[in-house]
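See below for the structure under consideration.
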Amino acid sequence: MNKNHFTPFEYYLPNGAKIDIDDFIKASSMNLEDENSFPQFYLDTQTGNICEVLTAEALVNLVEKIGMSDRYLSISSMTEKNYAEILDFLIEMPGNPLSKAEKKKAKDMRAKAGWEAAVTYITSIAPEFPLIFEFEVRDYILEYVEHYMEEFPKGKIEKKFLGCGNCPACKNLKEGNVGMNHVRDGMAGLSFASFPSRG
């Protein structure tokens, strides 16, 4: 998997093993058709590694191999529905540059051709939109990561902050404001509402 460096935190299992957070986030950000699609991903609670299961047959083989072991915990991945919900949220965000007709066209396009086609259409109106969309997706994933670590059922996960600690974005994160919405509070000019008005 490619490294994403999505978060300035490192996470450690109760046994001291470091969780491969880059692969964890890569797994979480996969664009799957639905929650039952493949590949599926699991956290190895002994090593911190992320296991990728490519097919239903491979999952059956894994279950047969490990039996009733609770060593592997499932990781949820982003689905088409999640991406569509984020897109709809941004389309309706107050202050965005889309007219009523353009909002309707974007939603119709998303329903018929998929969210990626709608993103392309909105980008033709607001060139900054892909960056804003990416931030919203990261916000969703970072909040999921935090929830996963806080609810870890096999002991306390240790979190270590690696950011610079001085910039506004890092200060927000260090204080526990983990979503990209909070990060944007410390960064100028990255709000969808800041796009030029189309009148």
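Brief remarks on what is shown
- You can think of it this way: the chain between E143 and T55 has 28.9 nm of extra reach, that is 0.36 nm per residue less the Cα-Cα gap.
- For the stretch 106-155 versus the stretch 75-99, the spacing of their alpha-carbon centroids is 6 Å.
- The stretch 1-102, relative contact order [Cα under 8 Å, separation at least 6], %: 27 percent
- Too-long pairs where the Cα-Cα distance tops 18 Å, listed order kept, from K65/K156; K26/K112; K18/K159; K26/K65; K18/K154: K65/K156; K26/K112; K26/K65
- Local charge for S77 was computed over the other residues whose Cβ lies under 13 Å away, with Lys and Arg +1 and Asp and Glu -1, and equals -4.
- List S74, S28, ordered by accessible area with a 1.4 Å probe, largest first: S74, S28
- Relative contact order (%) - criterion: Cα under 8 Å, at least six apart; region: the stretch 81-128: 36 percent
- Radius 13 Å from Cβ of N15, net charge of other residues (Lys, Arg +1; Asp, Glu -1): +2
- For T47, nonlocal amide neighbours, meaning residues 5 or more places apart or on other chains whose placed amide H falls under 5 Å from its own, do not occur.
- Counted charge near L32, where neighbours are those whose Cβ lies closer than 10 Å (Asp, Glu -1; Lys, Arg +1): -3
- Full-stretch length increase - S124, S69 - with 0.36 nm per residue and alpha-carbon distance subtracted: 14.7 nm
The values are calculated or read from the model by the stated rules, or taken from the named source; none is laboratory data. Everything numeric here is computed off the predicted structure, so don't read it as measured data. Heads up, the Cβs are rebuilt from the backbone with ideal geometry, glycines too, and the neighbour counts pull from every protein chain shown. In case anyone asks, the SASA skips ligands and DNA or RNA and just uses the protein heavy atoms, side chains included. Shrake-Rupley method; radii C 1.70, N 1.55, O 1.52, S 1.80 Å.
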